[in-house]
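The values are calculated or read from the model by the stated rules, or taken from the named source; none is laboratory data. Since the structure is predicted, the reported quantities are computational estimates derived from the model, not experimental observations. Here the Cβ positions follow ideal geometry from the backbone for every residue, glycine too, while neighbour counts run over all protein chains shown.
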């Protein structure tokens, strides 16, 4: 029996190499980078790291290879106290890897990434008994078959389903129909509709009670039980936006597990994302929960 609430995660786990450049170069030139950082990454993996640091237990289900990157990915999670019993190591395959170039002057970053070459995670590889004892299910939908299966099981058991929808992949709208909280990136929203508000309405029409779109430095738009909430981003001395969305979603999951109201959950995510942007990588800047300020009011419509 878990002493703390457990968040069960399915999704990406990566090894990230990050470097700083003064400005993104044109093609066919040399570009020197500086301040190399090597860090674990991935939307679900980084969200679980934040949740574990904030006092929840976390279980990671995903896929890695039996290469050196896979060993480093696993260590980046176990060293944080995350249960990696669901991380399946595919023999003779490569792990997910990314090289990220950050432009501190503009707080932009560009990600070059390779997905894991092993076979996607399958439903039969999931620890469903542990999922059914969890307090929340958190996914990015990278493994649609496994994620859909877990969504159905969680939904039937009354376990909140939280989705970090970074890309409009196959199966994502099916996952949305089974989710309690489905918040997308701006890129996802732009593929789905003309405006963030329209995206929220489309997702609400699929049955999602708590939906929204993250807008980077412009903040976020959310639609909860027919009510729009709009808020600007927290001020930040941003140098790298890697992991900001991951930790934003960690804030939503934490608030849902703790029974917070919607505005407070959104505010934790937005505040934590701003703090993450002030350091290189998605995990170095994860703030201490005790520093979370009282949230200012949001614009509600």
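Need the failing condition index for residue 291 against (1) under 15 Å from residue 54 (Cα atoms); (2) buried (at least 17 other Cβ atoms within 10 Å of the Cβ), just the number.
For residue 291, the failing item is (2).
Does residue 239 satisfy the condition of being touching a residue at least 40 places away in the same chain (Cβ under 8 Å) and either outside any helix (DSSP H, G or I) or within 29 Å of residue 18 (Cα to Cα) (or both)? Spell out how you get there, then give the answer.
Values: touching a residue at least 40 places away in the same chain (Cβ under 8 Å): yes; either outside any helix (DSSP H, G or I) or within 29 Å of residue 18 (Cα to Cα) (or both): yes.
So residue 239 passes the test.
Would you check which residues across the range 188-200 are under 18 Å from residue 269 (Cβ atoms) and more than 14 Å from the chain's Cα centre (by Cα) and list them?
The answer is 189, 196, 199, 200.
So the check is Cβ under 6 Å with 6+ separation or different chains; which pairs have a first residue in the range 264-285 that's at positive phi and a second one that's buried (at least 24 other Cβ atoms within 10 Å of the Cβ) and not in a loop (DSSP other than H, G, I, E, B)?
As it stands, the answer is 281/18, since those pairs meet every condition given.
Kindly indicate whether residue 76 is touching a helix residue (DSSP H, G or I) at 6+ places or on another chain (Cβ under 7 Å) and either within 19 Å of residue 114 (Cα to Cα) or assigned to a loop (DSSP other than H, G, I, E, B) (or both).
Here the answer is no, as residue 76 does not meet what is asked.
Residues 245, 251, 290: which one is within 18 Å of residue 56 (Cβ to Cβ), under 19 Å from the mean Cα position of the chain (by Cα) and not in a loop (DSSP other than H, G, I, E, B)?
None of the other options fit; the residue is 251.
Here is a check on your reading of the model: is residue 166 modelled with pLDDT under 95 and surrounded by fewer than 24 Cβ atoms within 10 Å (Cβ to Cβ)?
yes
At pLDDT 95 or above, crowded, with 16+ Cβ neighbours inside 10 Å and over 25 Å from residue 243 (Cβ atoms): is that true of residue 185 in this structure?
no
Is it the case, given these coordinates, that residue 102 is on the phi < 0 side of the Ramachandran plot, buried (at least 18 other Cβ atoms within 10 Å of the Cβ), at pLDDT below 95 and touching a strand residue (DSSP E or B) at 6+ places or on another chain (Cβ under 7 Å)?
Working: on the phi < 0 side of the Ramachandran plot: yes; buried (at least 18 other Cβ atoms within 10 Å of the Cβ): yes; at pLDDT below 95: yes; touching a strand residue (DSSP E or B) at 6+ places or on another chain (Cβ under 7 Å): yes.
Yes: the conditions hold for residue 102.
Evaluate the range 171-180: report whether one residue or more is at pLDDT 95 or above, over 20 Å from residue 151 (Cβ atoms) and either surrounded by 15 or more Cβ atoms within 10 Å (Cβ to Cβ) or more than 17 Å from the chain's Cα centre (by Cα) (or both). Working first, answer last.
So the first thing to find is which residues in the range 171-180 are at pLDDT 95 or above, and the list is 172-180.
With over 20 Å from residue 151 (Cβ atoms) added as a condition, the list becomes none.
For the range 171-180, residues at pLDDT 95 or above, over 20 Å from residue 151 (Cβ atoms) and either surrounded by 15 or more Cβ atoms within 10 Å (Cβ to Cβ) or more than 17 Å from the chain's Cα centre (by Cα) (or both): absent.
Among the candidates 22, 27, which residue alone is in contact (Cβ under 8 Å) with a residue 60 or more places away in the chain, surrounded by fewer than 20 Cβ atoms within 10 Å (Cβ to Cβ) and over 24 Å from residue 172 (Cα atoms)?
22
Could you look through the range 30-52, keep only residues that are in contact (Cβ under 8 Å) with a residue 40 or more places away in the chain and part of a strand (DSSP E or B), and pick out the one that is nearest to the chain's Cα centre (by Cα)?
41
Could you pull out the residue among 255, 207 that is surrounded by fewer than 17 Cβ atoms within 10 Å (Cβ to Cβ) and either under 24 Å from residue 154 (Cβ atoms) or modelled with pLDDT of 95 or more (or both)? Break it down into steps so the answer makes sense when it comes.
Values: 255 fails: surrounded by fewer than 17 Cβ atoms within 10 Å (Cβ to Cβ).
Among 255, 207, only 207 is surrounded by fewer than 17 Cβ atoms within 10 Å (Cβ to Cβ) and either under 24 Å from residue 154 (Cβ atoms) or modelled with pLDDT of 95 or more (or both).
So for the range 124-142 (the condition being in contact with a helix residue (DSSP H, G or I) (Cβ under 9 Å, 6 or more places away or on another chain), surrounded by fewer than 19 Cβ atoms within 10 Å (Cβ to Cβ), on the phi > 0 side of the Ramachandran plot and modelled with pLDDT under 95), does at least one residue qualify?
No, the range 124-142 contains no residue that is in contact with a helix residue (DSSP H, G or I) (Cβ under 9 Å, 6 or more places away or on another chain), surrounded by fewer than 19 Cβ atoms within 10 Å (Cβ to Cβ), on the phi > 0 side of the Ramachandran plot and modelled with pLDDT under 95.
With the requirement that a residue be buried (at least 21 other Cβ atoms within 10 Å of the Cβ) and either assigned to a helix (DSSP H, G or I) or touching a strand residue (DSSP E or B) at 6+ places or on another chain (Cβ under 6 Å) (or both), what does the range 53-68 give you?
Going through the range 53-68, the residues buried (at least 21 other Cβ atoms within 10 Å of the Cβ) turn out to be 54, 56, 58-65.
Matches in the range 53-68: 56, 58, 59, 60, 61, 62, 63, 64, 65.
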